[in-house]
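Quick one: the structure is below, questions incoming.
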Amino acid sequence: MIDAVGARYRLGSKTERSTILDEFVAITGYHRKHCIRLLSKPETPPNERRPNVRYGPAVCDALGALWEVSDRVCSKRLKVMIPALLPAMLRHGRISDDPSLHAQLVAVSPATIDRLLAPLRLAASKGRRRSAGQSSAVRRRRKPLPQKPRMLDAYEDQVRSWLQRQPGMTAVEILKRLRELSPAGTFTDKHLRTVQRALSAWRADAIRQWIDQCRLEIEVGVPPRIEAAAL
């Protein structure tokens, strides 16, 4: 419809174009300026993008050889190393003596190197794709950061003894006892959430120990003590 109405609109006079535009706006419901743009310019088919095959199999094979010789470094490092590796590769016959091939190897970008080496890297990793953020270079283990001592570490044994005598103690009661036991200002009301998290962790640890003990007693043949789970 746009092609037929547009042809009439472009060939008509000013009065005819105004009438055609009014009818087109009433039919389509489009904004008047948008209709003017649609009818003024003929619709052109989108240009089909043809793949530009610039690097052939010879470049892929040469990049694969360079990648293996360079100990499978990443594409950005390989891009810098290619001019230095080419003379040695030529002397040993690993790359053909073709000036156009050498020019393509020097001009190839790191992104294109990644694309051309993708099948070779996938085959070298036996089908396992590398996770994002990990380089192909040697991965170094990070040294674990030392953990700072928690404020409840010094009172953990005392709190565990309280829980053994009174398993149903709440975090509010424990915080109250800690304030009486510790120097003034060490524990305040804002530390209640800290005590709650520590209490949950201690009780979970006690339950795991009790489960392990029950499993051991069952293996030995001794009936488990159910009352030990009160903690």
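Rounded to two decimals, what is the ratio between the C-alpha radius of gyration of the stretch 153-230 and 2.2 N^0.38 Å?
On the way: Rg = 15.3 Å, N = 78, 2.2 N^0.38 = 11.5 Å.
The reported ratio for this selection is 1.33.
Arranged from highest to lowest average of other beta-carbon atoms within 10 Å per residue, in what order do the peptides 181-192, 76-87 appear?
Values: 181-192: 11.4, 76-87: 15.1.
Top of the packing list down: 76-87, 181-192.
Enumerate the aspartates and glutamates that residue 14 could reach by cross-link, defined here as Cα to Cα under 14 Å, with residues fewer than 8 away along the same chain left out.
22
Only the coordinates and a few stated rules stand behind these numbers; no lab work does. Note that the structure is a prediction, hence the values are computed from the model and not measured. When we count neighbours, we look across all protein chains shown, and the Cβ atoms used for this are built from the backbone with ideal geometry, even at glycine.
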